[in-house]
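**Student:** Got a structure for you, questions after.
What follows is calculated from the coordinates using simple rules that are stated; it is not laboratory data. What you see is a predicted model, and the numbers here were worked out from it, not measured in a lab. For neighbour counting, all protein chains shown are included, and Cβ atoms are generated from backbone atoms with ideal geometry for every residue, glycine included.
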Amino acid sequence: MKTALLKQIGKFEIHDTPKPQLEKDTDVLIRIKMVGVCGSDIHYFTTGRIGAQIVKYPFIVGHEAAGVVEQVGSKVTRVKPGQRVAIDPSIICGECDQCKAGRENTCRELVFMGNPVQREGALCEYIVHDEKSLFPIAERTSYEQAVISEPLAIAVYAVEQSRIKSGDNVGVLGFGPIGMSVHQVLSTTEVGKIYVTDKIQYRLDLAQELGAIWAGNPEEVDVESEIGNREPLGLDIVYECSGDHEIFNQAIALLKPGGILAIIGITEVDDVAFPIHELRRKEITILNIRRQSDSTQKALDLLESGKVDVTKMATHHFKLEDTQAAFELVSNYRDGVMKAMIAVE
């Protein structure tokens with residue numbers, strides 16, 4: 001099968017690799033139709049690692065994916081050949097204490113697609129995946145929407161975990177695909193005012209077009225003063241979606257006493273520092289978001305109902321043969337890119 005292999009930092013090559021085979025009776029063979037380029041994929045492309053997860057080359061990246069079921073194992077009941085599916089990149093055991101507590105995202109045996117120490121990704125023609133992680137999609141649902149259900153599910157989970165209340169005023173720091181997803185999910189709630197920051201002007205423009213009351217570039221304006229003047233009591237919740245650990249202090253300064261800092265973005269560093277006395281005085285809750293739990297179907301339902309519109313997220317489209325160009329575009333933030341989609345056929 002045709003595969004885009006990450007051969008070294010910053011370098012993809014297209015190769016023929018063996019087509020995977022069913023091994024377990026709950027396995028499903030899927031023909032991949034589309035893959036989204038995620039920020040974590042870009043980390044592997046530009047630095048070869050995220051924390052202790054270091055790429056051993058060659059490797060197949062990509063975890064935001066959708067496709068068509070080709071073959072199923074003998075005990076598969078959830079999907080059937082010919083069905084179009086969205087793919088949850090996580091495979092869980094379903095038996096450990098975390099799974100039984102409803103915390104599938106911290107499953108003791110979790111295996112994640114496109115993680116260099118766990119399982120290869122989806123930038124290829126076929127993958128084998130467990131049936132529990134597959135979600136049939138409606139005929140009216142596009143492959144683009146099915147792919148975007150993965151980052152959208154993270155946003156659904158983050159907003160749920162932050163316990164947002166009617167009228168809460170919030171900040172979204174970083175308006176890439178995750179920040180945009182969080183904004184979209186917030187817009188389906190009774191949220192108060194939404195403030196957005198990003199370092200890229202077209203993303204700030206999009207945030208205001210989608211309803212943010214204020215959007216600013218932290219390199220050009222004093223964010224704390226600008227938002228503080230508008231919200232002198234502070235924000236109820238700040239969603240950190242950029243992965244830039246240097247703005248954690250800014251997020252804490254923006255919060256009111258008793259506020260919540262939800263960390264969603266993935267940093268490139270292993271250790272970060274917090275202003276502990278300000279955290280203590282304001283009694284700030286730090287909420288770490290690890291992927292999502294039981295939120296993929298919720299995300300698909302939002303998309304299929306029309307309550308969430310992600311048409312402006314998928315800005316660029318490439319063929320599998322052009323994976324190198326797609327990753328260079330996204331890693332350099334060129335041409336107004338929000339999310340690049342790679343068609344695998």
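**Student:** Against the empirical 2.2 N^0.38 Å scaling, what ratio does the C-alpha Rg of the stretch 184-234 come to? All intermediate terms of the calculation are to be shown ahead of the outcome.
**Tutor:** Details: Rg = 11.3 Å, N = 51, 2.2 N^0.38 = 9.8 Å.
Relative to the 2.2 N^0.38 Å estimate, the stretch 184-234 comes out at 1.15.
**Student:** By its C-alpha gyration tensor, with a ≥ b ≥ c as the square roots of the eigenvalues, how is the stretch 140-219 shaped: rounded for a/c under 1.5, else prolate for a/b larger than b/c, else oblate? Before the final figure, lay out each step's value.
**Tutor:** Details: a/c = 1.90, a/b = 1.16, b/c = 1.64.
Cα axes put the stretch 140-219 in the oblate bin.
**Student:** Which order do peptides 263-271, 217-225 fall in by mean Cβ count within 10 Å, highest first? Numbers along the way, then the final one.
**Tutor:** On the way: 263-271: 15.3, 217-225: 13.4.
Packing order, densest peptide first, comes out as 263-271, 217-225.
**Student:** Can you tell me what share of the DSSP beta bridges in the chain is antiparallel? A percent to the nearest 5 is fine.
**Tutor:** Details: 36 of 62 bridges.
Looking only at bridges with both residues in the chain, the antiparallel portion is about 60 percent.
**Student:** Over the stretch 1-83, what relative contact order in percent results from Cα pairs under 8 Å that are six or more residues apart? Walk me through the numbers before you get to the answer.
**Tutor:** Values: 140 pairs, mean separation 29.4, N = 83.
Contact order relative to length: 35 percent.
**Student:** Rounded, prolate or oblate: pick one for the stretch 102-143, where a ≥ b ≥ c are the square roots of the eigenvalues of its C-alpha gyration tensor, a/c under 1.5 means rounded, and failing that, prolate if a/b is larger than b/c, else oblate.
**Tutor:** Values: a/c = 2.67, a/b = 1.32, b/c = 2.02.
Taking the square roots of the gyration eigenvalues as a ≥ b ≥ c, the stretch 102-143 is oblate.
**Student:** With charges only on Cβ, +1 for K and R and -1 for D and E, what is the dipole size of the chain about its Cα centre, in debye, rounded to 20? Spell out each step's value before the answer.
**Tutor:** Numbers: 37 positive and 50 negative charges, 129 e Å.
Charge dipole, the chain, about its Cα centre: 620 debye, nearest 20.
**Student:** For the stretch 192-345, give the magnitude of the charge dipole about the Cα centre (Cβ charges: +1 Lys/Arg, -1 Asp/Glu; no others), in debye to the nearest 20.
**Tutor:** Details: 16 positive and 27 negative charges, 108 e Å.
Approximately 520 debye in magnitude.
**Student:** For a Förster distance of 41 Å, can you work out the FRET efficiency between the beta-carbons of Glu13 and Tyr202, rounded to the nearest 0.05?
**Tutor:** Values: r = 31 Å, r/R0 = 0.76.
Efficiency at R0 = 41 Å is approximately 0.85.
**Student:** A further question follows. Please compute the length gained on full extension between Lys307 and Glu209, using 0.36 nm multiplied by the number of residues separating them and subtracting their Cα-Cα distance.
**Tutor:** Numbers: separation 98, 0.36 × 98 = 35.28 nm, distance 1.63 nm.
Length difference between fully extended and current span is 33.6 nm.
**Student:** For the stretch 225-315, what is the largest minus smallest coordinate of the Cα atoms on each principal axis, given in angstrom and ordered from greatest to least?
**Tutor:** The Cα atoms of the stretch 225-315 stretch 45, 34, 27 Å along the principal axes, largest first.
**Student:** Any chance you could get the radius of gyration and Dmax over the Cα atoms of the stretch 113-182, in Å?
**Tutor:** Rg, Dmax (Cα atoms, Å): 15.6, 46.
**Student:** Consider a paramagnetic label point 7 Å from the Cα of Met1 along Cα→Cβ; state which residues of the stretch 79-93 have an amide N under 17 Å from it.
**Tutor:** 80-91
**Student:** Separate question: Please express the shape of the stretch 168-288 as an equivalent ellipsoid: the semi-axes are the square roots of 5 times the eigenvalues of the C-alpha gyration tensor, given largest first in whole angstrom.
**Tutor:** Each semi-axis is √(5λ); the values are 20, 16, 14 Å.
**Student:** If you put +1 on each Lys and Arg Cβ and -1 on each Asp and Glu Cβ, how big is the dipole of the stretch 68-193 around its Cα centre, in Debye rounded to 20? Walk me through the numbers before you get to the answer.
**Tutor:** On the way: 13 positive and 16 negative charges, 58 e Å.
Once rounded to the nearest 20, the dipole reads 280 debye.
**Student:** Separate question: If you take the beta carbon distance between Lys56 and Thr285 as r and set R0 to 35 Å, what does 1/(1 + (r/R0)^6) give as a FRET efficiency, to the nearest 0.05? Write out the running numbers ahead of the final one.
**Tutor:** On the way: r = 38 Å, r/R0 = 1.07.
Working from the Cβ atoms, E equals 0.40.
**Student:** Need one word for the stretch 30-125: rounded, prolate or oblate. Basis is the Cα gyration tensor (sqrt eigenvalues a ≥ b ≥ c); a/c below 1.5 gives rounded, then a/b vs b/c decides. Kindly include the intermediate steps, with their values, before the conclusion.
**Tutor:** Values: a/c = 2.28, a/b = 1.17, b/c = 1.95.
It comes out oblate by the Cα gyration axes.
**Student:** I'm spelling it out carefully: the read-out is semi-axes √(5λ) of the Cα gyration tensor in Å, the candidates are [x] 34, 21, 19; [y] 30, 24, 18; [z] 34, 28, 22, and one was derived from this structure. Which label?
**Tutor:** Here semi-axes √(5λ) of the Cα gyration tensor in Å agrees with entry [x].
**Student:** Run lengths n ≥ 4 of DSSP H only: what is the helix-derived mean residue ellipticity at 222 nm for the chain, with -39500 (n - 2.57) per run over all residues, to the nearest 500?
**Tutor:** Numbers: 10 runs with 91 residues, N = 345.
About -7500 deg cm²/dmol.
**Student:** Considering amide H positions built from the backbone, and no H for Pro or chain starts, which residues 5 or more places from Gln53, or on another chain, come under 5 Å of its amide H?
**Tutor:** none
**Student:** How far apart, in nm, are the 7 Å Cα→Cβ label points at Arg230 and Asp25?
**Tutor:** 5.8 nm
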